[in-house]
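Chemist: Just dropping this structure here.
The values are calculated or read from the model by the stated rules, or taken from the named source; none is laboratory data. This one's a predicted model, so the numbers in the text were calculated from it and none came from an experiment. Glycine also receives a Cβ, built like all others from the backbone with ideal geometry; neighbour counts cover every protein chain displayed. We work out accessible area using only protein heavy atoms, side chains counted, and drop any ligands, DNA or RNA first. Shrake-Rupley method; radii C 1.70, N 1.55, O 1.52, S 1.80 Å.
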Amino acid sequence: MKICYHCMQQISNEKAHTCPQCGQSLEAVRQEERFLEPGTILGGKFLAGFPLGAGGFGNTYIGWDNLLHRKVAIKEFYPEQYCIRGQDGKTVTVTDERLRPRFVNGLHQFLEEARRVAALHEVQGVVEISNFFEENGTGYIVMEYLEGMDIKTILKKSGDKKDYEWSRRVILAVLYTLKEVHKRGVIHRDIAPDNIFVTKEGIIKLIDFGAAKYASAGNASDIMLKIGYAPIEQYGRTMEQGPYTDIYAVAALFYRMLTGQKPLPANERMQKDGLIPPSQMGVSLPEQAELAIMVCLNVMPQYRLQSAAEFMEALDGKFFIPIYEPEWILPPVDEKKGLWGKIASLPAAAKAAACLLLLCVIGGGIFGVVTVVQNTKTAGLTEAGKSGTFTMEDYSGKSYEDVAEELERRGLKNVAKPEYVLDGKEEGTIIRQNIAPSGVISKEDEIVFTVSGGDTYYTMPDFTNADLDEVFRYFTEKNFDVDVYFNPCDNGMVDVEEGKNESLAKKKGIISVVYCFSDQFDNGICFEQSVKPNKKCGVDKKVTFSVSVGKEADYDIAVPDFKGMSREEAEAVIEDLGLGKFLDVKITETSETRYAEDEKEAEGIYVERQNIQAGEKVNCYRNLSEELRLELVEVKKRPKPTPKPTPTPTPEQMPEPTPEQVPVPTPAPRFGGA
């Protein structure tokens, strides 16, 4: 029994070379060094197939559970920035032993997150995790294999946006699940259109919890963000995260579904918030719903709605319970009938006519093919009548190799190296030529062809001294995701600029933009690229661009002396200097009281202490998300001392006579006898 490692279909025909289910080759060839070889057994019972996708911190494979005989998805911890696959094709090792603690800590977080999500198995709206384990020096998570499509794909098939009622129903289903998830102390941290999956049964599920948050150094996690969906607290390492972190991302998802655009990145809204309400973009929605969306998209966490239940109530969904039906949420399936199927659906007379016409077309086509094949042997350059000159033919759509060989045979060897472009067309066919058809050329003239690289390879442009926007535009339009390491002082902090051209296949290669301080190049200028210009480059190759953010000293700010300022005064200074854009500012009121130092100091509540000393310089990048703590105390006037009371004088009294001064009476004489 054979098995297709692309779709896990069991195939009884041992001689088959192509899967009858998905049409893919049955040959098990590893695509890239970062992936496991298809057919690798993990955990003693899980068969890993071809990769379904890859990111900066992991690989995901289609798999098969040999015990339960069902398809599964297998996620592998693989932080590609600092690990590599061993020669055995299985073992994962770090590229530098100094990074091992970072890898080990990240692996621990990866498996711990799996343990927490596995505990949510009774929540219907969460992808089910059935197993997780360590093997090959790394970790694996086995989860249910979902069939259906994510919200990102649904939007693509629906004109890139949806009406309010459809979007509200999806958002309420997401919030309903998050309400249960948050009760259990779990935060998703990566709500986005591609992480909300709709099964073919119409069940809305949250997938990829805590995506790309696992690799860490010390106590600080590496950070990979989805631009537009990540709130400001995810841009730093010290700001607290909570349910309100997911609430911001859900509001961003709602905004994206309604308007067709992601909200502005949170870090760009700190200084001046230019976020446009949906109603001003022509979206019809209730005023209360728009207010809820904009409140939940507040940059500062404390001003958002704080729970999924609050958001649901604001959307008039306090008692909402999801009803999972595929009809309302999934786009209609286009039945792709074959040619004979379309003919079969015609009336009898039309069917006969169509069959006759088809036979004529096929017959003519055969002769046409023979004619073309014969003509290509003599087509190409024709003599222009002047010795050594030729008239250029139109080579569009022809094989570059055949044309180059033909030109060389005719003596024109000055054919430049072709420029390959990613256009999704047949590889190796000529798209453009520098000399127009019918143009007269000599053997000395250089001929340059632009050739299709299909979805496989391209010629690397020269981005030296180019603006960063040019790099973004080129790769996102080719449907690459671009990882942006936006902090020159910390290469663990990453934004993700997603590919935009859905008409082309999603590219798996890692394109990285690394911000660097530079004394020579202006802010936003690319000054180095890992693949040299004009080199043929495969889509799976990692390419890194170094982009200047200017001089490091340009981002230094001296911390002022806050002592003696009121809360309002301190907040005004912080806003004026922009300290709140990159520092985690906390102004706390203590229970302390002190007396004014002199008569000039007024009573009130003022800053008494600050943890960063006055005059110390902080850098917008180097000190990103560090805490600036100001402590307030109450100042009172010292009470004046109470004077001692003056005693009241009493009138003078005559002194009592002493016994010596009292006269003793003389007894009277007695007369007569007894």
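Chemist: Taking VAL451, is it within 29 Å of GLY260 (Cβ to Cβ), open to solvent by less than 20 Å² (accessible area, probe 1.4 Å) and not in a loop (DSSP other than H, G, I, E, B)?
Modeler: no
Chemist: Kindly evaluate GLY282 against the criterion of being small (Gly, Ala, Ser), at pLDDT 85 or above and under 27 Å from THR177 (Cβ atoms).
Modeler: No: the conditions fail for GLY282.
Chemist: Restricting segment 524-536 to residues that are over 23 Å from ALA416 (Cα atoms) and in a loop (DSSP other than H, G, I, E, B), which is farthest from the chain's Cα centre (by Cα)?
Modeler: Ranking the qualifying residues of segment 524-536, first place goes to SER530.
Chemist: With the requirement that a residue be among the hydroxyl-bearing types (Ser, Thr, Tyr) and free of Cβ contacts under 8 Å to residues at least 60 places away in the same chain, what does segment 475-511 give you?
Modeler: THR476, TYR485
Chemist: Let me ask something else. Looking at (1) touching a residue at least 40 places away in the same chain (Cβ under 8 Å); (2) open to solvent by 10 Å² or more (accessible area, probe 1.4 Å), which is the only condition GLY49 fails?
Modeler: (2)
Chemist: Given the structure, is ILE276 hydrophobic (A, V, I, L, M, F, W, C) and within 12 Å of TYR248 (Cβ to Cβ)?
Modeler: no
Chemist: Can you report the number of residues in segment 598-622 which are touching a strand residue (DSSP E or B) at 6+ places or on another chain (Cβ under 9 Å), free of Cβ contacts under 8 Å to residues at least 60 places away in the same chain and not hydrophobic (A, V, I, L, M, F, W, C)?
Modeler: So the answer is 10.
Chemist: What number of residues within segment 413-438 satisfy the criterion of being touching a strand residue (DSSP E or B) at 6+ places or on another chain (Cβ under 7 Å) and either on the phi > 0 side of the Ramachandran plot or not charged (D, E, K, R) (or both)?
Modeler: 15
Chemist: Regarding segment 263-271, can at least one residue be identified that is open to solvent by 20 Å² or more (accessible area, probe 1.4 Å), basic (Lys, Arg) and without any contact (Cβ under 8 Å) to a residue 60 or more places away in the chain?
Modeler: no
Chemist: So, of the residues in segment 89-114 that are in a loop (DSSP other than H, G, I, E, B) and modelled with pLDDT of 90 or more, which turns out to be surrounded by the fewest Cβ atoms within 10 Å (Cβ to Cβ)?
Modeler: THR91
Chemist: Go through segment 11-25 residue by residue and tally those that are open to solvent by 60 Å² or more (accessible area, probe 1.4 Å) and either over 36 Å from the mean Cα position of the chain (by Cα) or of a type in the set (A, V, I, L, M, F, W, C) (or both).
Modeler: Count: 7.
Chemist: When you scan segment 479-523 for strands (runs of 3 or more DSSP E) that lie fully inside it, which ones turn up with 2 or more residues that are acidic (Asp, Glu)?
Modeler: Passing ranges, in order: 493-497.
Chemist: Okay, next question. Among (1) β-branched (Val, Ile, Thr); (2) open to solvent by 10 Å² or more (accessible area, probe 1.4 Å); (3) touching a Lys or Arg at 6+ places or on another chain (Cβ under 6 Å), there is one condition THR464 misses while meeting the rest; what is its number?
Modeler: (3)
Chemist: Taking only segment 148-178 into account, find how many residues are in contact with a Phe, Trp or Tyr (Cβ under 9 Å, 6 or more places away or on another chain) and open to solvent by 50 Å² or more (accessible area, probe 1.4 Å).
Modeler: Looking only at that region, the number is 2.
Chemist: Could you figure out which of (1) in a loop (DSSP other than H, G, I, E, B); (2) surrounded by fewer than 19 Cβ atoms within 10 Å (Cβ to Cβ) isn't true of LEU120?
Modeler: (2)
Chemist: On to the next question. Starting from segment 13-32, keep only residues that are within 13 Å of PRO51 (Cβ to Cβ) and of a type in the set (A, V, I, L, M, F, W, C), then list their pairs with residues that are in a loop (DSSP other than H, G, I, E, B) and open to solvent by 60 Å² or more (accessible area, probe 1.4 Å) whose Cβ atoms are within a distance under 8 Å, requiring at least 6 positions of separation or different chains.
Modeler: So the pair list comes out as ALA28/GLU37.
Chemist: Can you name every residue in segment 497-523 that is among the hydroxyl-bearing types (Ser, Thr, Tyr), open to solvent by 40 Å² or more (accessible area, probe 1.4 Å) and either closer than 17 Å to TYR420 by Cα or within 19 Å of the chain's Cα centre (by Cα) (or both)?
Modeler: Residue satisfying the conditions is TYR515 alone.
Chemist: Does TYR145 satisfy being hydroxyl-bearing (Ser, Thr, Tyr), surrounded by fewer than 19 Cβ atoms within 10 Å (Cβ to Cβ) and more than 19 Å from PRO231 (Cβ to Cβ)?
Modeler: Yes.
Chemist: Inside segment 26-44, can you point out the residues that are within 33 Å of the chain's Cα centre (by Cα) and open to solvent by less than 70 Å² (accessible area, probe 1.4 Å)?
Modeler: Answer for segment 26-44, where residues must be within 33 Å of the chain's Cα centre (by Cα) and open to solvent by less than 70 Å² (accessible area, probe 1.4 Å): ALA28, GLU32, ARG34, PHE35, LEU36, PRO38, GLY39, THR40, LEU42, GLY43.
Chemist: Just for segment 546-572: of the residues that are assigned to a helix (DSSP H, G or I), among the aliphatic types (A, V, I, L, M) and open to solvent by 30 Å² or more (accessible area, probe 1.4 Å), which one is farthest from TYR606 (Cα to Cα)?
Modeler: ALA553
Chemist: What are the residues in segment 1-10 that are within 34 Å of the chain's Cα centre (by Cα) and either hydrophobic (A, V, I, L, M, F, W, C) or not in a loop (DSSP other than H, G, I, E, B) (or both), if any?
Modeler: CYS4, CYS7, MET8
Chemist: Output the residue which, of all residues in segment 224-245 that are in a strand (DSSP E or B) and open to solvent by 10 Å² or more (accessible area, probe 1.4 Å), is modelled with the highest pLDDT.
Modeler: Looking at residues that are in a strand (DSSP E or B) and open to solvent by 10 Å² or more (accessible area, probe 1.4 Å), I get LYS226.
Chemist: Which one is nearest to GLU128 (Cα to Cα), of the residues in segment 68-88 that are open to solvent by 40 Å² or more (accessible area, probe 1.4 Å) and of a type in the set (A, V, I, L, M, F, W, C)?
Modeler: Among them, the one singled out is LEU68.
Chemist: Just a yes or no: is a residue in segment 366-389 of a type outside the set (Phe, Trp, Tyr) and modelled with pLDDT of 85 or more?
Modeler: Checking segment 366-389: not a single residue is of a type outside the set (Phe, Trp, Tyr) and modelled with pLDDT of 85 or more.
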